[in-house]
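Colleague: Have a look at this one.
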Amino acid sequence: MRKVFLVAGREFIATVSTKAFIIGLLIMPMFLGVAALVFPRLLNPRNFKTTGEVAIVNPSGKAAEDIRLAFSQERVAERRDALARQVMNQTPEAVRQAVPAERAGQMTAVATAGAADLRLVERPAARTSSVRRRGCSNRVSRNISP
């Protein structure tokens, strides 16, 4: 039995003294610590606000007004209210009774608070030409520089 413990002890020392074991012993807790600090901050939507530009490339000019109307603040708020009402209608009756009416309004206000700040920009249509791919019958359009 003594020989078994000597062999087991030697194997343990050989494994523990390797570079890979020591690096793993140091890196794994550091990785878990970084993950515990970073991931909650990445997943927290508290201060999330979408801002930016949406480019409209519309050679005919027919769709630009419909797109502007769809992206207007009023229409976005209407869609969010409709979605909040739909969610409230789909909740079980017991949950709806547990939430007072003023709280339901607050929940809708919270849902609409993070509205996107998007600016629509019309861009002129680029000249295009059809280019045939080798061995393929599909047509691909490509921008041509002037």
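The values are calculated or read from the model by the stated rules, or taken from the named source; none is laboratory data. Because the structure is predicted, anything quoted here is derived from the model rather than measured. Counting neighbours? That spans all protein chains shown, and the Cβs are built from the backbone with ideal geometry, glycine included.
Colleague: Does Val54 satisfy the condition of being surrounded by 10 or more Cβ atoms within 10 Å (Cβ to Cβ), in a helix (DSSP H, G or I) and modelled with pLDDT under 90?
Modeller: Numbers: surrounded by 10 or more Cβ atoms within 10 Å (Cβ to Cβ): yes; in a helix (DSSP H, G or I): no; modelled with pLDDT under 90: yes.
In short, no.
Colleague: Say whether the condition of being assigned to a strand (DSSP E or B), closer than 30 Å to Leu120 by Cβ, among the β-branched types (Val, Ile, Thr) and out of contact with any Pro (no Cβ under 9 Å at 6 or more places or on another chain) is met by at least one residue in the range 28-51.
Modeller: Yes - at least one qualifying residue is present in the range 28-51.
Colleague: Out of Arg68, Arg96, Arg103, I need the residue that is at pLDDT 80 or above and in a helix (DSSP H, G or I). Which one? Before you say what the answer is, go through the steps one by one.
Modeller: Working: Arg96 fails: at pLDDT 80 or above; Arg103 fails: at pLDDT 80 or above.
Just one listed residue meets the conditions, Arg68.
Colleague: I'd like to know if the range 61-71 contains one or more residues that are acidic (Asp, Glu) and surrounded by 10 or more Cβ atoms within 10 Å (Cβ to Cβ). Walk me through how you get there before you give the answer.
Modeller: The first filter runs over the range 61-71 and keeps only residues acidic (Asp, Glu), leaving 65-66.
Remaining after also requiring surrounded by 10 or more Cβ atoms within 10 Å (Cβ to Cβ): 65-66.
Among the residues of the range 61-71, at least one is acidic (Asp, Glu) and surrounded by 10 or more Cβ atoms within 10 Å (Cβ to Cβ), which makes the answer yes.
For every residue, the table says whether it meets (1) under 17 Å from Arg119 (Cα atoms); (2) surrounded by fewer than 10 Cβ atoms within 10 Å (Cβ to Cβ); (3) among the polar types (S, T, N, Q); (4) outside the structural domain of Ala116 (by TED's automatic domain parsing).
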{"position": "Val16", "(1), (2), (3), (4)": "no, no, no, yes"}
{"position": "Ala20", "(1), (2), (3), (4)": "no, yes, no, yes"}
{"position": "Gly24", "(1), (2), (3), (4)": "no, no, no, yes"}
{"position": "Ile27", "(1), (2), (3), (4)": "no, no, no, yes"}
{"position": "Leu37", "(1), (2), (3), (4)": "no, yes, no, yes"}
{"position": "Asn58", "(1), (2), (3), (4)": "yes, no, yes, no"}
{"position": "Gln73", "(1), (2), (3), (4)": "yes, no, yes, no"}
{"position": "Glu78", "(1), (2), (3), (4)": "no, no, no, no"}
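Colleague: Can I ask one more? On the basis of being in a loop (DSSP other than H, G, I, E, B), at pLDDT below 80, in contact with a strand residue (DSSP E or B) (Cβ under 9 Å, 6 or more places away or on another chain) and within 30 Å of Thr51 (Cβ to Cβ), does Ala115 make the cut?
Modeller: In short, no.
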